[in-house]
Amino acid sequence: MKYKQATRESGFIICAALLLGFSYTFVTGKGFFASFKAAAVVHLGATGLAPSPINLAEAKMLFDTDGALFVDARHYFDFRRGHIKSAVNIPLSEFDSRQKTIAGLPRGKVLVVYCDESECNSSVELAAKLYEDGIGGVRIFFGGWQDWMNNKLPTESSQ
Amino acid sequence: MIRRILSNQYIILALRILLGLTFVFASIDKISDPSTFAKAITNYKLISGSLSLMVATVLPWIELLCGLAVLSGMYLRGGALLLCLMLSAFTLAVITGLIRGLDISCGCFTLDPDVNKIGWQKVFENLGLILASVVLFYSESKHFLLNVDSN
C-alpha cells in the first residue's frame, strides 16, 4: 500500500516538474530552450560564413550553453585586468606572433571576438584576419567588454 | 524504538521542516538560472552537456515540488521517496567526483562556483538527509498534514 501510494505520488510530482520546467524555460528562453536558440547561431557559424555581428543576448546565450570560445582582441594589459570568463587573448597588434595560439583555436566551434566597446575596431579587424586564415564561424560581439561588464555577466582577471 | 520515532509527531514534523525547507531553498537558485546549473552538472563529467541541460531544466522543479510535498504533507510518501532517490544519486556523484580528484563546486544549494566545494562533509550531510527521507517515507504520524486521508 505504502509503495503503491508513493509510486503514484512520485509519478505525479515528476509529471508536474516536467510540465513546469519546460514551460518555464520555454517562456523565459532559459536553459533547454536557450540551447535551441544558440544552436541556430552555432549552425550559422559552422557553415563558414563571413564574420557577422551578434548582440549581448546572443553572446550570453553562446556563453551559457558553452557554444563558443570568446576571443579578447584587447591589449594583454587590459585582458589581465579583467575579461569575459574563459576568454583567450589574441591582441590584434600581436596577431602574427600569436600563430601558435591561433592554430590551437578549436575548429567547428563559434569564436566570439570582442574588444573594449562598440567604438573600438580591433574586434572587427581580428575577426577579418581570422577569417582570412580560414577560420569560419567567427562572430563579433560589438558591445564588447564594457557591455558584458555593465550587465554583470561572468568575468575573471589574471592578476 | 523505531516505531516510536516513526509515530512521534514532533520528530516527524521537525524532519519535514528540515527536508522541505532545504530543498525549497536549494531549488530557487537553480530554477532561476538553469544554464549555470547545467554547467555545475557538466563539471562532474558524468553526463553530456545537452543531457545535463535537460536535467537542469527539470531537476530543480522536482526538488521544489518534493520540498513543498514534505512540508505540506500532501504527497509526503512520494516526495520522501523521490528525495531519497535524488539524494542517493547526488551522493554517488559527489563520491565519484572525490575519488577522481575533481575540485569542483557542489552545485547543491548555491550556484556560486567559489563556495560549497564537494568534499566528504557533503557526503555525510547527504547521508543524514537520506536517513531523514527514509524516516519520513515510513512515518506513521498523521499530525500537521494537509491531507490526512492519503496517509
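Could you say whether any residue in segment B:77-94 is more than 8 Å from chain A (Cβ to nearest Cβ) and at positive phi?
No, there is no match, as no residue in segment B:77-94 is more than 8 Å from chain A (Cβ to nearest Cβ) and at positive phi.
Is it true that some residue in segment B:62-73 is of a type outside the set (Val, Ile, Thr), more than 15 Å from the chain's Cα centre (by Cα) and within 11 Å of chain A (Cβ to nearest Cβ)?
No: segment B:62-73 contains no residue that is of a type outside the set (Val, Ile, Thr), more than 15 Å from the chain's Cα centre (by Cα) and within 11 Å of chain A (Cβ to nearest Cβ).
Among residues belonging to segment B:17-44 that are within 8 Å of chain A (Cβ to nearest Cβ) and among the charged types (D, E, K, R), point out the one that is surrounded by the most Cβ atoms within 10 Å (Cβ to Cβ).
B:LYS39
Checking B:CYS108 against (1) in a loop (DSSP other than H, G, I, E, B); (2) open to solvent by 50 Å² or more (accessible area, probe 1.4 Å); (3) of a type outside the set (Gly, Ala, Ser), only one condition comes out false. Which one?
(2)
Condition check: modelled with pLDDT of 90 or more, within 14 Å of chain B (Cβ to nearest Cβ) and open to solvent by less than 20 Å² (accessible area, probe 1.4 Å). Does A:ILE13 satisfy that?
The answer is yes for A:ILE13.
Considering only segment B:1-83, give the helices (runs of 4 or more DSSP H) lying wholly within it that have at least 1 residues that are touching a residue at least 40 places away in the same chain (Cβ under 8 Å) and under 21 Å from B:SER133 (Cα atoms).
B:2-7, B:9-32, B:49-72
Could you run through segment B:69-104 and say how many residues are open to solvent by 30 Å² or more (accessible area, probe 1.4 Å) and within 12 Å of A:GLU9 (Cα to Cα)?
Selection size over segment B:69-104: 3.
Restricting attention to segment B:45-54, report how many residues are more than 8 Å from every other protein chain (Cβ to nearest Cβ) and surrounded by fewer than 19 Cβ atoms within 10 Å (Cβ to Cβ).
Residues that pass the stated criteria total 5.
Being at pLDDT below 85, over 13 Å from A:GLY144 (Cα atoms) and within 14 Å of chain B (Cβ to nearest Cβ): is that true of A:GLY67 here?
Taking the combined requirement at face value, the residue satisfies it.
On the given criteria, is B:GLY119 within 14 Å of another protein chain (Cβ to nearest Cβ) and small (Gly, Ala, Ser)?
no
The values are calculated or read from the model by the stated rules, or taken from the named source; none is laboratory data. All of these numbers come straight from a predicted model, not from anything done at the bench. Using ideal geometry, Cβ is built from the backbone for each residue, glycine included, and neighbour counts are taken over all protein chains shown. Note: areas computed on protein heavy atoms with side chains; ligands, DNA, RNA excluded. Shrake-Rupley method; radii C 1.70, N 1.55, O 1.52, S 1.80 Å.
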